[in-house]
Amino acid sequence: MLGVDYVVWGSMAPDRATVQTAAYRSNDGQQIIPVRLSRNAPDAAYALIQASSSSAPEDRAIKQLLANMNLLQAALTAPLAQSPATHGELMTAIESLDQALAYEAGDDESNALLVKADTASGNALAAEPRNALAHWLQSNVAYNLALRAFRKGNPAEAEKHLAAMKKSLAEAVENRETVPLPSLVTEIEADYYLMVRREPEKAAERYLQMTKTDQPLQSQLRGHWMLAGIYAGDWGMAQNPIVNAEKSRFHLVEILANWPESPEAKLLKQWLRWDDTKRETEFNYLPTIHVIET
């Protein structure tokens, strides 16, 4: 619910420059190890988990936690671009796109955020034409602008955005070695197989990889979201053999159980007419909202 991977819980002594904290097991609440750190320690969580791992080297949960922390550490320190300025443009594009997707397609506030994301990712590409992340962000913006154009009754403009989307995704896949995060490489490939190649089985394989517990939480959420749609017959898959109601239901339940406050979960509750009193849905099917030809 906090939208984080781990919580470091402890206290800071007001009269001493130290932090006293500890790691606890989730299954029984037992303290694994207390750790005292300098208040200015740059990465208290990482030091805590390393110490816990040394204290309990055979503890499976701690070993997995340390492995995840190592991946997280690498992800947080990996530069997204060759220059700080371009990195900043990419972060602006990511944040704006994320905010835009919290609105319904066609919403005016969503459009303003999409334009901002488009400008920022375009600036990044002007500086680094082979930056795959910038191309992928451009493809996301183009697809959402296409949805908006279709809903506004302008198919010609929508087709222009769809063509741009396919071109950007192809560029992203071609230059994917420039992306420092394996989870994003997997997502770029998945989007390419779904949107450009129209090979849902290969796309689903990669979206499934994104749902593994060693992946970033937001990658897991997006993987479940895309798989729920594909297996439900969305994304133009209604007549495709990949459609599987049970598999779609599995991914829907994962989202509702593990990300109950996410925009995706809120949309699902709205679409399925979730009743808080009965703790069940009143409607059994998802709408197909990405049925435009891509």
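Annotations
- Flag if residue 201 is modelled with pLDDT of 95 or more, open to solvent by 80 Å² or more (accessible area, probe 1.4 Å), within 29 Å of residue 257 (Cα to Cα) and over 13 Å from the mean Cα position of the chain (by Cα): yes
- When region 204-213 is filtered for residues that are among the charged types (D, E, K, R) and surrounded by fewer than 17 Cβ atoms within 10 Å (Cβ to Cβ), the ones remaining, listed by number, are 205, 212.
- Where helices (runs of 4 or more DSSP H) fall wholly inside region 39-143, the ranges with 3 or more residues that are of a type in the set (A, V, I, L, M, F, W, C) and modelled with pLDDT of 80 or more are 84-100, 108-127.
- For region 272-286, filtered to residues that are closer than 17 Å to residue 238 by Cβ and open to solvent by 50 Å² or more (accessible area, probe 1.4 Å), the residue that is modelled with the lowest pLDDT is 285.
- Which numbered condition residue 254 misses (of (1) surrounded by 20 or more Cβ atoms within 10 Å (Cβ to Cβ); (2) assigned to a helix (DSSP H, G or I)): (1)
- Residue match in region 158-173 (condition: of a type in the set (Val, Ile, Thr), under 17 Å from the mean Cα position of the chain (by Cα) and surrounded by 15 or more Cβ atoms within 10 Å (Cβ to Cβ)): no
- So residue 239, is it over 23 Å from residue 100 (Cα atoms) and crowded, with 17+ Cβ neighbours inside 10 Å: no
- Qualifying residue in region 217-231 (condition: under 29 Å from residue 182 (Cα atoms), touching a Lys or Arg at 6+ places or on another chain (Cβ under 6 Å) and crowded, with 17+ Cβ neighbours inside 10 Å): yes
- The set of residues in region 204-244 that are aromatic (Phe, Trp, Tyr) and under 20 Å from residue 258 (Cβ atoms) comprises 207, 225, 231.
- Single residue of region 209-230 satisfying the filter (farther than 23 Å from residue 168 by Cα and aliphatic (A, V, I, L, M)) that is farthest from the chain's Cα centre (by Cα): 228
The values are calculated or read from the model by the stated rules, or taken from the named source; none is laboratory data. Just so you know, these numbers come straight off a predicted model, no measurement behind them. Methodologically, a virtual Cβ is constructed for each residue, glycine included, from the backbone with ideal geometry; neighbour enumeration extends over all protein chains shown. Protein only, heavy atoms only, side chains kept; ligands, DNA and RNA dropped before computing areas. Shrake-Rupley method; radii C 1.70, N 1.55, O 1.52, S 1.80 Å.
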